[in-house]
Structure formats: structure tokens, C-alpha cells
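**Q** Quick one: this structure, given as C-alpha cells, is what I'll be asking you about.
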Amino acid sequence: MKLKNRIVYIIILSVFVNCKKEKIKDNYTLKGKVFGTTYKIMYLNTPQNYQKSIDSLFYLVNKSLSTYIPDSDISKINETNTSVNVDDLFVEVFNKSKKIYKETNGYFDPTVGNLVNLWGFGPKNEINNLSDEQVEQQMQYVGFNKVHLIGRKIIKDDSKIYLDFNSIAKGFGIDVIARFFNSKKIDSYLIEIGGEIRTKGYKEEHKPWTIKLVDPLNTSSNNGFKILNLTNRSMATSGNYRKYRETKDGKKFVHTINPKTGYAYESNLLSVSVLAPLDCADVDAYATSFMAMGLEEAKKIIEKNKKLQVIFLYINKNGKVEEYTNYTHS
């Protein structure tokens, strides 16, 4: 073989070997069920399917924070097991909840768990039309200032206080997956669990991640009423049109419990969407608290926290639906 031909052959062989060493990068879409709802995860330009790792992370979040799992840490704490040493996931959610509890003047309160159960929206599947006396009795166990984290132990002022992080845990589960992707240097992803979303980067062809916001007055329509740019943002939507129960005499009870009153009645807000360049756990908690406090109180929080963008649908004094928003596409 001539020297020139040998050199060409060696170069071609070298290129072939190097190509074999590099894994082909691909885009993935994963779907399934978790936290009592569905999830959809899309991530781009990566050589590996991370389904098993994601399943393991979901398991850890559930084991720590799910009130629907009898042997989770939070379930044991609610059953007055004082020997539980909580993990890092629990510590982070607890501390974040304390922060937002203070910022929302107590409208975000994970100690409404007893009332969530009694009104029929918790894991115990109780359905009651509580009397004023019963609500007043339960209110003595409400107040996140009555629960303390000392080291790795949760100390409650009263053993009957029932912790429920479900209004922040779904968003937090999204954050756990997002951090895992960040550790793998994945720069483009969308993580959605039960309507809560966190994104990073862009879709293919450098297009932004976008979604259609559901019209709460016409939930059967696929058209939505607003298209939102979610690139590098988290978003949470809360609406009592999604989860409520109605009695035979026409009374409507909603799943958002007002921690100030203990009642499961609607505020004047029909739907709340919160977008921000923050953890999804944060916007998840803000959305819940805004639904409980109503429009005017929510405006005060938004004025103080300029990172929060919101889209509110509310009922005005004349009984008509109006929109309040400070959302911009940028």
C-alpha cells in the first residue's frame, strides 16, 4: 500500500473510532403518573434517558413529604412519631414554607391539614359540612408558627397539628428534577407535573417554551385564552374550578382552605397563575395563598415582590368576570 493511501486510511479509521466513542445526542419526552397526578418531562440534546433516575427522585420526595403514603416522614410526624429525623428535602420545604408563610401574612399555611381532611379534600377522604363550632375547634391547631424545626426533629406545640405540604410539594418535586438536569449540564428542558411547570433554555430552533393558559370558564376548550412564554421561568396555576364539591342544597366547598377563617369557601378569585424566575415550589405556594386571600390582599404581595408576574381572573362587585395581570412576554 502506498504511503499516501495508508495515511488516508488511518485518518478515516481514527475519525470512525472517535465517532463511536461519542454517544448520539437525542431529545426525550417522558410521561407518567406521580403525586396523584400526571407528569410530562421534555429535555433536549442529551445522550441518555434518565427515566430511572427521575423515578428514584420522585420516590425520595414521596417518602419524605407525601401525606398519602402511610410510612412517609410527614405521615409519621402527623401520627405523633417524635423519633423521625427529617431529610434534606423536608428541611428545605419546611424552611421555604416558613419564609412564604411570613411573606403572605399567614395565608400560606401548611398546618391547615386537619381542615383539608375534614372538608373532604385530603387523604382521609372525609366529607363533612362543618359547623361553626367545629371549625373554631380545629382552628386551635392552625398556625405554622406553632411548628418548629430543631435540628432534624419537628416539634409541634400540640400533637394534633397536622402538617400538609401538598400545596408546595408538587412544585418542589419539579425543582428536584430541574436540579438533577442542571447537574447533568442539560440546558433545555420543560418539566410539568399536574399543571405546574418549570423550564430552562429553548426548544428546537431556539423557540421559547410556551403554553396555552386554560380558560376556567370553559375548561373543555383546547383553545385557552392566553399564550404564555415560559422560557427560564416557573409557573403555577391554582383554580377552585378544578377541585371542589357541591352539596345537595347547592353549597360549594373548594379545596383552598382559608387559614385565617378555617372555611372552604371561594374567594373572589376564580383562577391564579403565577410566573417568576424562581423555584417552582415558590410560585406553587404563592398561587395557593393568593387563592385564599383574594384579589386585594394578593395585589399587596405582588407590589412588594417585583419578580412575581400574575394573571388573575376574578369576580368584580357586579358579579362579572374580569382579568388583572402584570404579565409581560419578555
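**Q** Can you tell me which residue in segment 291-329 is least open to solvent (accessible area, probe 1.4 Å), limited to those that are under 17 Å from ARG233 (Cβ atoms) and either without any contact (Cβ under 8 Å) to a residue 24 or more places away in the chain or of a type in the set (Phe, Trp, Tyr) (or both)? Talk me through it step by step, then tell me what you get.
**A** In the first step, residues of segment 291-329 are kept if they are under 17 Å from ARG233 (Cβ atoms); the result is 302, 305-311, 325-329.
Within this subset, residues satisfying the condition of being either without any contact (Cβ under 8 Å) to a residue 24 or more places away in the chain or of a type in the set (Phe, Trp, Tyr) (or both) are 306, 325, 327-328.
Numbers: LYS306: 163, THR325: 59, TYR327: 33, THR328: 63 Å².
In this case the residue turns out to be TYR327.
**Q** Let me ask something else. Does any residue of segment 247-257 turn out to be open to solvent by 40 Å² or more (accessible area, probe 1.4 Å) and at pLDDT 80 or above? Talk me through it step by step, then tell me what you get.
**A** To start, the set of residues in segment 247-257 that are open to solvent by 40 Å² or more (accessible area, probe 1.4 Å) comprises 248-252, 255.
Next, from what is left, pick out any that are at pLDDT 80 or above: none.
Taking every residue of segment 247-257 in turn, none turns out to be open to solvent by 40 Å² or more (accessible area, probe 1.4 Å) and at pLDDT 80 or above.
**Q** With in a helix (DSSP H, G or I) and at pLDDT 95 or above as the only criterion, which of ASN117, ASN145 stands out?
**A** Answer to the check: ASN145.
**Q** Of all residues in segment 1-53 being among the aliphatic types (A, V, I, L, M) and at pLDDT 50 or above, which is most open to solvent (accessible area, probe 1.4 Å)?
**A** As a first pass, look at segment 1-53 and keep what is among the aliphatic types (A, V, I, L, M): 1, 3, 7-8, 10-13, 15, 17, 24, 30, 34, 41-42, 44.
Next, only the ones that are at pLDDT 50 or above stay: 24, 30, 34, 41-42, 44.
On the way: ILE24: 146, LEU30: 11, VAL34: 13, ILE41: 0, MET42: 46, LEU44: 27 Å².
Ranking the candidates gives ILE24 first.
**Q** Just one of LYS160, LYS153, LYS170, LYS185 is out of contact with any strand residue (DSSP E or B) (no Cβ under 7 Å at 6 or more places or on another chain) and within 20 Å of SER56 (Cα to Cα); which is it?
**A** On the way: LYS160 fails: within 20 Å of SER56 (Cα to Cα); LYS153 fails: within 20 Å of SER56 (Cα to Cα); LYS170 fails: out of contact with any strand residue (DSSP E or B) (no Cβ under 7 Å at 6 or more places or on another chain).
The conditions single out LYS185.
**Q** Same structure, new question: Identify, by number, the condition in (1) in a helix (DSSP H, G or I); (2) modelled with pLDDT of 95 or more; (3) of a type in the set (D, E, K, R); (4) surrounded by fewer than 21 Cβ atoms within 10 Å (Cβ to Cβ) that GLU205 doesn't meet.
**A** Against the list (1) in a helix (DSSP H, G or I); (2) modelled with pLDDT of 95 or more; (3) of a type in the set (D, E, K, R); (4) surrounded by fewer than 21 Cβ atoms within 10 Å (Cβ to Cβ), GLU205 comes up short only on (2).
**Q** Note down all Cβ pairs under 7 Å where the first residue falls in segment 154-170 and is under 13 Å from VAL86 (Cβ atoms), the second is among the hydroxyl-bearing types (Ser, Thr, Tyr), and they're at least six residues apart or on different chains.
**A** Partner pairs satisfying both residue conditions: LEU163/THR111; PHE165/SER97.
**Q** On to the next question. Inside segment 160-195, can you point out the residues that are over 18 Å from the mean Cα position of the chain (by Cα) and open to solvent by 10 Å² or more (accessible area, probe 1.4 Å)? Walk me through it before giving the result.
**A** From segment 160-195, those over 18 Å from the mean Cα position of the chain (by Cα) are 160-162, 182-188; that's our starting set.
Scanning segment 160-195 gives LYS160, TYR162, ASN182, SER183, LYS184, LYS185, ASP187, SER188.
**Q** Just a yes or no: is a residue in segment 81-91 of a type in the set (A, V, I, L, M, F, W, C) and either open to solvent by 60 Å² or more (accessible area, probe 1.4 Å) or not in a helix (DSSP H, G or I) (or both)?
**A** Looking for residues that are of a type in the set (A, V, I, L, M, F, W, C) and either open to solvent by 60 Å² or more (accessible area, probe 1.4 Å) or not in a helix (DSSP H, G or I) (or both), one finds at least one in segment 81-91, hence yes.
**Q** Here's a follow-up. Checking TYR68 against (1) surrounded by 11 or more Cβ atoms within 10 Å (Cβ to Cβ); (2) at pLDDT 95 or above: exactly one of these is not met. Which one?
**A** All conditions pass for TYR68, except number (2).
**Q** Same structure, new question: Within segment 208-220, track down each residue that is closer than 24 Å to ILE257 by Cβ and surrounded by fewer than 16 Cβ atoms within 10 Å (Cβ to Cβ). Please lay out each step first, then the result.
**A** Pass one, segment 208-220, residues closer than 24 Å to ILE257 by Cβ: 214, 216-217, 219.
Selection gives LEU217, THR219.
**Q** Same structure, new question: Which of the residues spanning segment 143-159 are open to solvent by 20 Å² or more (accessible area, probe 1.4 Å) and closer than 20 Å to LYS102 by Cβ? Before you say what the answer is, go through the steps one by one.
**A** First, the residues of segment 143-159 that are open to solvent by 20 Å² or more (accessible area, probe 1.4 Å): 145-146, 148-159.
Residues satisfying the conditions are ASN145, LYS146, HIS148, LEU149, ILE150, ILE154, ILE155, LYS156, ASP157.
The values are calculated or read from the model by the stated rules, or taken from the named source; none is laboratory data. Bear in mind that the values here come from a model prediction, so they are computed numbers and not experimental data. All Cβ positions, glycine included, derive from the backbone under ideal geometry; neighbour counts span all protein chains shown. Calculation scope for accessible area: heavy atoms of the full protein, side chains included, ligands and nucleic acids excluded. Shrake-Rupley method; radii C 1.70, N 1.55, O 1.52, S 1.80 Å.
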